[in-house]
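Okay, so here's the structure we're looking at.
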Amino acid sequence: MERHEVVVVGAGLAGQRAALAAVQAGRDVALLSKLHPLRSHSGAAQGGINAAVGAEDSVETHIFDTVKGSDYLGDQDAIEFFCREAGPTVVEMEHFGTIFSRADDGSLARRPFGGAHFPRTIYAADRTGLALLQALWERLGSETLTLYEEWDVTRLIVRDGRVQGLVALDRASGEFHEVAARAVVLATGPAGRVYAKTTNAHSCTGDGIAVAYDAGALLKDMEFVQFHPTALLESSILITEGARGEGGLLKNASGERFMVRYAPHVQELASRDVVSRAIVTEVREGRGFQGPFGGYVHLELMHLGKERVESRLTEICDYARRFAGIDPVTEPIPVYPAQHYMMGGIGTDLHGATNVRGLFAAGEAACVSIHGANRLGGNSLLETLVFGKQAGVAAAAYAAGAPAPELHSTDLDEATAPLRAWSSRSEGEDPSTLRTEMQRTMEECVGIYRDEASLMEGIRRIRALRQRAERIRVVDRSGVYNLNLTDALETTHMLELAEVIVVGAYARTESRGAHARTDYPKRDDARWMRHTLARRTPEGPALDYAPVAFTRFEPTERVY
């Protein structure tokens, strides 16, 4: 058995920043990750990180843009704190060694992003997440902590109303381990792989969200799923919003800049939910292109010139050439929306604390809530760092006064019994088959546009898959890197979260941000200006609701 004061699960930007804060507070810290830290999905973020640093911009405008972008469902006290921390956070990361792109005068280069009044997205070409991740990992390397690499969290141990530790699978040996901890920080990222078409890495299976839910933590606003408007057709590789920020144009099959119909003032730089729905509408109404992989529109960069495209969008050029056989310097890029981000997650306060004592969360696994019903591009990288730090500080303070964790001799056997049963069966369900059917269901029933009939069908199909998952069979009996076992583990996590998403979406009878109901096309502030809270029960998610925190911005119609 391993023992630590604070265990951080997940080694992306949020997890690393939490671990650094906890170490600097003097705690014994372990960082547990199913990937090497530099392979974390944070490294895939391309476009940039928001901070109001220019003379023409202001923190107040960043606050308002974020509130408006959230379709007024974001908690305004959290948004104010978040935006005020943006500048100091970017400066800190630069001091840690992040190599940001520079303007001609040597200042931090900034590009416009959707839903913002001013260009406030600071970037490192189109590899901003990777630049931040490398700088933070190097900074963390100067501290003393324990790294459990390629370990999967399988269960939290909660006793007497507080966290006592966790159980994890060491992929390299196939052994399960107990890790005792006074405090646990979950920073495991999203569950984007519940969808078939997603920009998320294959590792984004919602493990931390699922184990928190199983341990009694409340999940918040899980029905709000963001679809990025520009994913590369067929592969769904992300084409950064920075491409439109640099001046990229969206055109339909008639060569028309169609965004003028949907966002006449800002067109391509409307918020992501607006642009995604516009693209889908163009295709559905016959104005898109058609091909063997379905409908799409064009993203044009050719007019920007070879030097600008290749210097500022280096990675996009590489993706388009390698995965679509297209040179964006001379040809348009075929794009269509794909699942990209989850506004919902483990419900936390400003400091990452959940309703379970000793359990904290940060990053995309958490929901503070600053994004509300729709996240603005450039705010996610900032979120990982601002609230990763807050969760690490709070977990360290909690651990300093918490009782020593108590693990029982039966904890490990109880936690691993269901997983061992998967390998003992002579027949049963293939986890990969269940995963494929789940992804198809989420695409067909809980996509960009939703209605009562499709959501009811989604609930029926997901619950049927969850019943079948009780008979999962793992045919690979080996211990070392048993991918059949980890696939089964991740699939059960995703099925559980898929049910929460679709049940929450069915209950919310309005359209708000990324949640678009064709049968309830209007926002309903009188009834639905509130957060969804889901608690796990044997019968499925039990929903409750909590008020949205307002400070000074009253809801108005959201237009761009």
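Bear in mind that the values in this text are calculations on the coordinates, not laboratory data. The structure displayed is predicted, hence computed values, not measured ones. No Cβ is skipped: glycine too gets one built from the backbone with ideal geometry, and neighbour counts run over all protein chains shown.
Give me the extension gain from Thr551 to Ala507: residue separation times 0.36 nm, minus the current Cα-Cα distance, reported in nm with one decimal.
Stretched out fully, the Thr551 to Ala507 stretch lengthens by 13.1 nm.
Hey, which of these cross-link pairs are over 30 Å Cα-Cα: Lys220/Lys522; Lys197/Lys389; Lys34/Lys306; Lys389/Lys522; Lys197/Lys522; Lys197/Lys251? Show your work: numbers first, answer last.
Working: Lys220/Lys522 22 Å; Lys197/Lys389 32 Å; Lys34/Lys306 39 Å; Lys389/Lys522 37 Å; Lys197/Lys522 27 Å; Lys197/Lys251 22 Å.
Lys197/Lys389; Lys34/Lys306; Lys389/Lys522, as the Cα separations exceed 30 Å there.
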Defining a contact as two alpha carbons under 8 Å apart and six or more residues distant in sequence, what relative contact order in percent does segment 118-174 show? 23 percent
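Given 0.36 nm per residue, what is the gain on full extension from Arg425 to Glu2 after removing their alpha carbon distance, in nm?
149.2 nm
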Assuming R0 = 41 Å, what is the FRET efficiency of Ala404 and Thr537, from their Cβ-Cβ distance, to the nearest 0.05? 0.85
Between His303 and Asp160, what is the label-to-label distance in nm when each label sits 7 Å out along the Cα-to-Cβ direction? 6.7 nm
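Sorted by average packing, counted as other Cβ atoms within 10 angstrom per residue and highest first, what order do 414-425, 456-467 take?
Values: 414-425: 14.7, 456-467: 17.3.
Order by mean packing, descending: 456-467, 414-425.
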In the neighborhood of Ser432, defined by Cβ-to-Cβ distances under 15 Å, what is the net charge if each Lys or Arg adds +1 and each Asp or Glu adds -1? 0
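To the nearest 0.05, how large is the calculated FRET efficiency for Arg284 and Val260 if R₀ is 22 Å and r is the Cβ-Cβ distance? Don't skip to the end; give the middle numbers.
Working: r = 18 Å, r/R0 = 0.83.
Rounded to the nearest 0.05, the efficiency is 0.75.
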Label-reachable residues, segment 388-408, where backbone N falls under 16 Å from a point 7 Å from Gln24's Cα toward its Cβ: 388-397
Match the structure shown to one of the listed values (i) 68, 27, 23; (ii) 35, 27, 23; (iii) 45, 35, 30 of semi-axes √(5λ) of the Cα gyration tensor in Å, computed from it, and give that label. (ii)
Around Glu499 (Cβ within 12 Å, Cβ-to-Cβ, excluding Glu499; K/R +1, D/E -1) the net charge comes to +2
Sparse-neighbourhood loop sites, trypsin sites (Lys or Arg not before Pro) in segment 472-560 - DSSP loop, at most 14 other Cβ within 10 angstrom: Arg477, Lys522, Arg552
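For segment 91-151, what does the relative contact order come out to in percent, with C-alpha contacts under 8 Å and a separation of six or more? Present the calculation step by step, with values, prior to reporting the outcome.
Working: 54 pairs, mean separation 19.1, N = 61.
Computed value for segment 91-151: 31 percent relative contact order.
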